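Structure first, commentary second.
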Amino acid sequence: MTSPCMAQKQNPLQEKIQPLLEQFHGKAGLYILNLKSGEEFTYQADSIFSTASIVKIPIMLGIFDKIEKGDLQFHQPLIYRDSIRYGGSGLMQHYQDSVQTDLRTLLALMLSYSDNTTSLWNQSLAGGGSTINELLNTLGYQHTRVNSRTPGREKDWERFGWGQTTPREMASILTKIYRKELVSESASEMMYRLLSNTFYNDYAASQIPPGINVASKQGMVNASRSEVMLVNGHHGDYVFALFTDENEDQSWTYQNEAWVLTRKLSSLVWNHFNSEAPYSPPTGIKKYWEGLGY
């Protein structure tokens, strides 16, 4: 595990965000990069964290790799069976047995609504966790892995759950997708479009002005609340990857400590990189957030 570190040169943003991370009651890691200016901020960015549902980004990579190889088709028809139903977040668990669907729908539900049933189905269609992990290794990612239902990774699953990553690696994956450098140019574009349609826009994305494209994925379990996003800002695009683990506050309310931290950091970063177009959500919007507790 690396010790907390930040960019060597002190600046106003660093002075504001580092105390927030140090005061957090749990383990926190952050990676920020302005893709235009190269301005970078890190804190425990190379430490390994649980992904929770952010593991669905590597699963997506596995599916698109299969599509590019001709093993799957984006609009491939599929039949849902209730034997694969899995609880938690998502919609497909409420489908009736034998309903026809397609791979595009599985991907959209997995990424927009963090659907667990479609995610496990996609993991299987991608060849399973071992195949996805081989792809990640080929792409140069040493720490990002799928653990659940993956032979040989039982101990990793016990420690990290469904998947594991570092803030720097997950930020890199999202950045390379945006730059059309992963799997293929066309696959990257479609993946970025899918990631730009999240239902869960009341966390980090809530601090970004409406009308700004945000490609993101969230991960939430009791002791881990994390988010990665790429923001197409007015004065330069930037990537933001915040991971938390071992959280003392495991509540599922608007005031959960990790979610408060997420919103504060997201606001600070937006207003630092877009000082000529500062943003603060309208006060009245809080009533739409305070019901958090999925």
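Computed from the coordinates by the stated procedures, all read-outs in this text should not be read as laboratory data. These numbers come from a predicted model, not from an experiment. Counting neighbours? That spans all protein chains shown, and the Cβs are built from the backbone with ideal geometry, glycine included.
Values as computed for the structure displayed
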quantity: Other-chain or far-sequence residues with amide H under 5 Å of residue 254's (modelled H); calculated: 292
quantity: Range of Cα positions in the chain per principal axis (Å), largest first; calculated: 54, 41, 37
quantity: Highest average packing first - 242-250, 21-29, Cβ atoms within 10 Å; calculated: 242-250, 21-29
quantity: Degrees separating the helix 116-125 axis from the principal Cα axis of the chain, which is the longest one; calculated: 60 degrees
quantity: Size of electric dipole in the stretch 50-162: Cβ of Lys, Arg +1 and of Asp, Glu -1, about Cα centre, debye, nearest 20; calculated: 160 debye
quantity: Overall form of the stretch 50-162 per C-alpha gyration tensor (a/c, 1.5; a/b vs b/c); calculated: oblate
quantity: Spherically averaged projected area of the stretch 143-197 from its Cα convex hull (nm²); calculated: 4.6 nm²
quantity: Candidate lysines for bridging to residue 176, where Cα separation is under 22 Å - those fewer than 8 sequence places away on the same chain excluded; calculated: 36, 56, 66, 69, 217
quantity: Mean residue ellipticity (222 nm) of the chain, computed from DSSP H runs ≥ 4 via -39,500 (n - 2.57), nearest 500; calculated: -10500 deg cm²/dmol
quantity: Highest-first arrangement of 68-78, 204-214, 38-48, where packing means the average Cβ count within 10 Å; calculated: 38-48, 204-214, 68-78
quantity: Rounded to 10°, Cα long-axis angle of helix 103-112 versus longest principal axis of the chain; calculated: 30 degrees
quantity: Pair residue 69, residue 255: separation of 7 Å Cα→Cβ label points (nm); calculated: 5.1 nm
quantity: Protection-proxy order for peptides 226-232, 134-140, each taking the mean of Cβ atoms within 10 Å per residue, highest first; calculated: 226-232, 134-140
quantity: Vicinal HN-Hα couplings computed from phi for the stretch 271-288 (Karplus, 6.51 cos²θ - 1.76 cosθ + 1.60; Hz; Gly/Pro x); calculated: 6, 6, 7, 10, 4, 7, 9, x, 9, 9, x, x, 3, x, 6, 4, 5, 8
quantity: Eligible aspartates and glutamates near residue 264 by straight Cα distance, threshold 17 Å, same-chain separation 8 or greater; calculated: 15, 22, 202, 227, 249, 290
quantity: Cα centroid separation, the stretch 41-61 to the stretch 66-88 (Å); calculated: 24 Å
quantity: Residue among 266, 282, 199 farthest towards the positive dipole end of the stretch 154-294, charges placed on Cβ; calculated: 282
